[in-house]
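Enquirer: Just passing along the structure, written as structure tokens.
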Amino acid sequence: MRGQFSTLLLVSAMAMTALAACGQAHKSAGNPEPETQFDLAFTFNAASANQVGGSRFWMEGASLQAHDRFYGGWGMVADIAGLHKANINSTGVGLDMVTTVFGPRYTWRPAHQRFNLYGQGLVGEVFAFNTIIPTKSAAITSDNGLAVLAGGGMNLHATPHIGLRVEADWLRTKLANTTTNVQNSVRAGAGIVFRF
């Protein structure tokens, strides 16, 4: 598991570097500002997660997003997020979770406005650790699987290069449990955006 996680982090770092290079290449090619834009966003997140028994709990964390808009409103996003809960519903069991997802984003900016709206659909991997995960045969302390993130948000431009972001997403993860092996969460975040 640790080898897969290290590989996932390496691939994520390479993807973000590639997105940054694409953004700079578009700018140096002289494309007009509305046609291309690269941004990095740091957000603080809260996620409402569900347990197998139906009870819910809140996790807190942060995410880093790299976004390169390269054709009209269309662009690609890489999102790495970490979430943590020290004590799930007073059970004494915690949970740490890292998601790495990639995919398309569409951004719409009304004319003469200082904000834009976006929607996205991202797919990648989730890694859960420092916890107890029930399976049909035994309890394990870590697992990884598919992650899907779908949602959107709004960027408010404070200056030409700095903005504020609010975002809300549905996060679906596929980790072991004793029933469906699927978890659904709602992730909300707010943070700062650096535009290049």
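Only the coordinates and a few stated rules stand behind these numbers; no lab work does. Note that the structure is a prediction, hence the values are computed from the model and not measured. Here the Cβ positions follow ideal geometry from the backbone for every residue, glycine too, while neighbour counts run over all protein chains shown.
Enquirer: What order do you get for His67, His112, His157 when you list them from fewest to most C-beta neighbours inside 10 Å?
Expert: His112, His157, His67
Enquirer: Would you mind giving the three semi-axes, in whole Å and largest first, of the ellipsoid equivalent to segment 62-129 according to its Cα gyration tensor?
Expert: Values: eigenvalues 216, 40, 12 Å².
The answer is 33, 14, 8 Å, longest axis first.
Enquirer: Let me ask something else. Starting with the fewest neighbours, write out Arg187, Arg172 ranked by other beta-carbon atoms found within 10 Å of each beta-carbon. Could you put the intermediate results ahead of the total?
Expert: Numbers: Arg187 23, Arg172 16.
In order of increasing Cβ crowding within 10 Å: Arg172, Arg187.
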